[in-house]
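This report concerns only the one structure given below.
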There are 2 protein chains.
Amino acid sequence: MNRFKLTIEYNGANYHGWQLQNSAPSIQEELEMAAFKLCQTECRFFAAGRTDAGVHAKGMVAHVDIPRDMEAFKFMEAMNYHLKDVPISILHSEEVDEDFHARFSAKKRYYRYHIINRRAKLSLQRGLAWQIKEPLDVQAMQDAAQVLVGKHDFTTFRSVQCQSKSPLKTLESLNVSREGESIYVDTSAISYLHHQVRSMVGCLYYVGKGKWTKDDMENALKAADRHALGFNAPPDGLYFMKVEY
Amino acid sequence: MNRFKLTIEYNGANYHGWQLQNSAPSIQEELEMAAFKLCQTECRFFAAGRTDAGVHAKGMVAHVDIPRDMEAFKFMEAMNYHLKDVPISILHSEEVDEDFHARFSAKKRYYRYHIINRRAKLSLQRGLAWQIKEPLDVQAMQDAAQVLVGKHDFTTFRSVQCQSKSPLKTLESLNVSREGESIYVDTSAISYLHHQVRSMVGCLYYVGKGKWTKDDMENALKAADRHALGFNAPPDGLYFMKVEY
């Protein structure tokens, strides 16, 4: 039995998220189908994070046990061959010890949210970013973002479907920057609540367009109440970037 | 009658190029259909360049005469509304004099070719770049590119379907640079022969992977013979970037 750690890129637009579903296509299902073609047996994939429907990844990490004697590089090549018709690619593959677990061994997870701040709808980046018409004040967004950094009760920024035991999370960083018409929101943390990143970005959008102040952000956080949420950003702009172990 | 100069972005993947075709969808057709919905009469669009099937644009320029009294901004907004279901967006619109012609008034045209140099196939950038597996030597590509700069007989780099009267063209610049796994080939010229940019990029690919030297590039140019061409790069990575008037 070989355990492989895989770094995976995918376009989540046409998938109902990472996790296996009964009646909808998922990233996990595509990977397990490809591995089945390769190994003729069911191989379960475990990911560092379970991205939602429509969310993308540039560096998701997952592990899988393969009941075949195979080099990590050859496994990646064979998997990419079987994945050739779907928008999922394995970027890197390495053999790891049996005590490595993509989810439980993860020390830090990085997400990036990509906003395109312009009047015209998206053509080339359709489904790959969130287009916002109103001019956004990036400095105000960056200032308000700092309110959320640290250990807080993030109930306001938590989906009602969230399965986490506690709403307490420690946000390590949350930075907003502009490059031309693109605005990036970059965040790192050990872990997040369900919908936390999209909920934070939605509120930063309110700040950027002047509807909310930094104080409003602080009050929303302190309310610890989902009803205090400003807005939940669409999945299109969200990317799972990398994991530290 | 108002003449508008429009700056247009499009994803060319599912189109048979800019130019109106009898039996295949084109960018021009989509624009003319949208303008028809808006003006209830046929309006002809003239572009600075006629991109091929699969080629994209970030800043194509076109002009159109509109038989309605309408502000440039409102025209853009209404056009984008009618284009909402297709990957074509008008980024900028301005009223111009009747002696402005998107094609004939153009002084310089800029193209960018986007290569992604990595082993794994593309997921997020599928159809938006050319993936090349072999590691490419960007410095060698940049050196060899300089052979092509200046006024030359570009017959080697010309499609057999090219309608240009002369194979003599002046290439103003051709630069190859790397940013992470991306390699960009940027070029500017008054005008190009049909397939010239993709043919030049195809030969630079040969240089990058060590199959051709700078001398081979020089010999290919001097041959002035289509049979001396190394390779024609796929349309996926090619972007019409901007026009100077």
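The values are calculated or read from the model by the stated rules, or taken from the named source; none is laboratory data. Predicted model only: the values in this text are computed from it and were never measured. Using ideal geometry, Cβ is built from the backbone for each residue, glycine included, and neighbour counts are taken over all protein chains shown. When the accessible area is computed, the model is the full protein with side chains, heavy atoms only, and any ligands, DNA or RNA have been set aside. Shrake-Rupley method; radii C 1.70, N 1.55, O 1.52, S 1.80 Å.
In segment A:160-194, what residues are touching a helix residue (DSSP H, G or I) at 6+ places or on another chain (Cβ under 8 Å) and open to solvent by less than 40 Å² (accessible area, probe 1.4 Å)? Within segment A:160-194, A:Pro167, A:Lys169, A:Leu171, A:Leu174, A:Val176, A:Ile183, A:Val185, A:Thr187, A:Leu193 meet the criteria.
Quick grid of which residues meet (1) more than 22 Å from B:Ala53 (Cα to Cα); (2) hydroxyl-bearing (Ser, Thr, Tyr); (3) modelled with pLDDT under 95:
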| site | (1), (2), (3) |
| --- | --- |
| B:Gln146 | yes, no, no |
| B:Ser166 | yes, yes, yes |
| B:Asp186 | no, no, no |
| B:Leu204 | no, no, no |
| B:Ala224 | yes, no, yes |
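The criterion of being in contact with a helix residue (DSSP H, G or I) (Cβ under 9 Å, 6 or more places away or on another chain), at pLDDT 95 or above and in the same structural domain as B:Gln146 (by TED's automatic domain parsing) holds for B:Leu238.
Residue check: B:Phe104 meets all listed conditions (1) closer than 30 Å to B:Ala72 by Cα; (2) part of a loop (DSSP other than H, G, I, E, B); (3) open to solvent by 60 Å² or more (accessible area, probe 1.4 Å); (4) in contact with an Asp or Glu (Cβ under 9 Å, 6 or more places away or on another chain) but one, namely (4).
In this structure, is A:Arg198 in contact with a Leu (Cβ under 7 Å, 6 or more places away or on another chain), closer than 16 Å to A:Pro235 by Cβ and basic (Lys, Arg)? Don't jump to the end; show me each part of the working.
Working: in contact with a Leu (Cβ under 7 Å, 6 or more places away or on another chain): yes; closer than 16 Å to A:Pro235 by Cβ: yes; basic (Lys, Arg): yes.
In short, yes.
Please determine whether any residue of segment A:64-74 is outside the structural domain of A:Trp130 (by TED's automatic domain parsing) and closer than 24 Å to A:Gly127 by Cα. Scanning segment A:64-74, I find no residue that is outside the structural domain of A:Trp130 (by TED's automatic domain parsing) and closer than 24 Å to A:Gly127 by Cα, so the answer is no.
Taking the options A:Leu122, A:Leu128, name whichever one is closer than 30 Å to B:Ala129 by Cα and more than 19 Å from the chain's Cα centre (by Cα).
Values: A:Leu128 fails: more than 19 Å from the chain's Cα centre (by Cα).
Selected residue: A:Leu122, the only one of A:Leu122, A:Leu128 that is closer than 30 Å to B:Ala129 by Cα and more than 19 Å from the chain's Cα centre (by Cα).
Basic (Lys, Arg) and over 17 Å from the mean Cα position of the chain (by Cα): is that true of A:Lys108 in this structure? No; evaluated as a whole, the condition is false for this residue. Of the strands (runs of 3 or more DSSP E) lying entirely inside segment B:154-245, the ones with 2 or more residues being within 22 Å of B:Glu134 (Cα to Cα) are found at B:168-179, B:182-189. Could you tell me whether B:Asp99 is away from chain A (no Cβ under 14 Å), assigned to a loop (DSSP other than H, G, I, E, B), charged (D, E, K, R) and surrounded by 14 or more Cβ atoms within 10 Å (Cβ to Cβ)? Criteria not met by B:Asp99.
Is it the case, given these coordinates, that B:Phe36 is without any contact (Cβ under 8 Å) to a residue 12 or more places away in the chain and more than 14 Å from chain A (Cβ to nearest Cβ)? Don't jump to the end; show me each part of the working.
Details: without any contact (Cβ under 8 Å) to a residue 12 or more places away in the chain: yes; more than 14 Å from chain A (Cβ to nearest Cβ): yes.
When the stated conditions are applied, B:Phe36 passes them.
Among the residues of segment A:78-95, how many are part of a helix (DSSP H, G or I) and free of Cβ contacts under 8 Å to residues at least 24 places away in the same chain? Quick ask: steps written out before the conclusion?
Step one: of segment A:78-95, the residues part of a helix (DSSP H, G or I) are A:78-82.
Okay, now just the ones that are also free of Cβ contacts under 8 Å to residues at least 24 places away in the same chain, so A:80-81.
Here the count works out to 2.
Of the residues in segment B:115-151, how many are under 15 Å from B:Gly202 (Cα atoms), charged (D, E, K, R) and within 14 Å of another protein chain (Cβ to nearest Cβ)? So the count comes out to 1.
Kindly establish whether B:Lys5 is open to solvent by 20 Å² or more (accessible area, probe 1.4 Å), more than 14 Å from chain A (Cβ to nearest Cβ) and assigned to a strand (DSSP E or B). Answer is yes for this residue. One residue stands out in segment B:195-244 among those that are open to solvent by less than 60 Å² (accessible area, probe 1.4 Å) and among the polar types (S, T, N, Q): the one that is nearest to the chain's Cα centre (by Cα), namely B:Gln196.
Any idea which residue in segment B:41-90 is most open to solvent (accessible area, probe 1.4 Å), counting only those that are within 14 Å of another protein chain (Cβ to nearest Cβ) and basic (Lys, Arg)? Walk me through it before giving the result.
Taking segment B:41-90 and keeping what is within 14 Å of another protein chain (Cβ to nearest Cβ), we get B:51, B:54-60, B:72-90.
Remaining after also requiring basic (Lys, Arg): B:58, B:74, B:84.
On the way: B:Lys58: 94, B:Lys74: 127, B:Lys84: 97 Å².
So the residue we want is B:Lys74.
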